[in-house]
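Down below is the structure, laid out as structure tokens.
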Amino acid sequence: MLKLWGRIVTDRSETKTIAELLSNGFLLWLLIWKFSYLLIHPVEAVSEPMSLLYFDGGEAGGWIAGLVGGLYIWLRSRKKELDFANLVHGFAVYFLGGWFVSRLPELMFQEGPSISWIASICWTGLLLLQMLIAKRETPEARIQFAALWFLIGNIVFQFFNHERVIWILSFSKLQVVFLLLTVVLVFWKGPKRD
């Protein structure tokens with residue numbers, strides 16, 4: 001997916017660096033998420049070391065890994081002085097591709113996949129395709145369009161998920177996070193350009 005993105009982005013000088021940075025960030029996220037079981041359940045991990053092979057940190061471990069991976073990408077991109085718009089565009093393509101692929105096993109192997117996940121997979125695929133082939137004037141416009149519609153679509157699709165756990169005002173935790181991100185994205189102006 002990143003190779004296709006690299007061919008589409010107009011500034012090709014940074015694409016290889018950004019692709020490597022995002023791939024390293026993902027590998028760091030994966031390792032931290034997998035071994036965060038040791039942080040979250042230290043007694044069980046020490047008493048049964050084989051549990052590290054079978055278990056992961058779950059949702060809490062994913063958040064910890066996401067924070068560390070995001071911090072790594074941010075620090076390395078600042079050190080290399082990468083263009084913010086190209087970095088975020090690459091991250092958006094990487095994220096949408098990852099979301100799309102991570103939902104496919106449920107669709108293929110579950111007996112009755114929920115309509116919300118089927119809709120999310122199709123919606124994400126369409127947005128990813130749109131982001132890769134759209135001729136909008138700037139990467140920022142492509143990112144904002146895809147991100148807003150991804151968030152709004154997945155907020156709506158979660159209402160059709162009968163297994164979701166209500167968290168606040170008939171919204172699940174995922175819907176609340178996506179709703180907050182939508183509000184931030186609507187009002188955020190982005191970094192100031194010189």
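A compact table of results
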read-out: Accessible area per residue, Å², the chain with all protein chains present, probe 1.4 Å; value: 65 Å²
read-out: Per principal axis, descending, Cα span of the chain in whole Å; value: 54, 39, 31
read-out: Number of Lys pairs (Cα under 29 Å; 8 or more positions apart or on different chains) in the chain; value: 24
read-out: Pairs of alpha carbons in the range 63-143 whose separation is greater than 18 Å (percent); value: 55 percent
read-out: The chain - percent relative contact order, Cα under 8 Å, separation 6 or more; value: 18 percent
read-out: Gain upon complete extension [GLU140, LEU185; 0.36 nm per residue less C-alpha separation]; value: 15.1 nm
read-out: The chain - percent of accessible surface contributed by carbon and sulfur, probe 1.4 Å; value: 70 percent
read-out: With at most 16 other Cβ atoms within 10 Å, longest stretch of the chain clear of loop trypsin sites (Lys or Arg not before Pro) (DSSP); value: 13-134
read-out: Förster radius 25 Å - calculated FRET efficiency between LEU169 and ALA60 (Cβ-Cβ, nearest 0.05); value: 0.60
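The values are calculated or read from the model by the stated rules, or taken from the named source; none is laboratory data. None of these values were measured; they are calculated from a predicted model. Quick reminder, even Gly has a Cβ in these numbers, built from the backbone with ideal geometry, and neighbours come from all protein chains shown. Note: areas computed on protein heavy atoms with side chains; ligands, DNA, RNA excluded. Shrake-Rupley method; radii C 1.70, N 1.55, O 1.52, S 1.80 Å.
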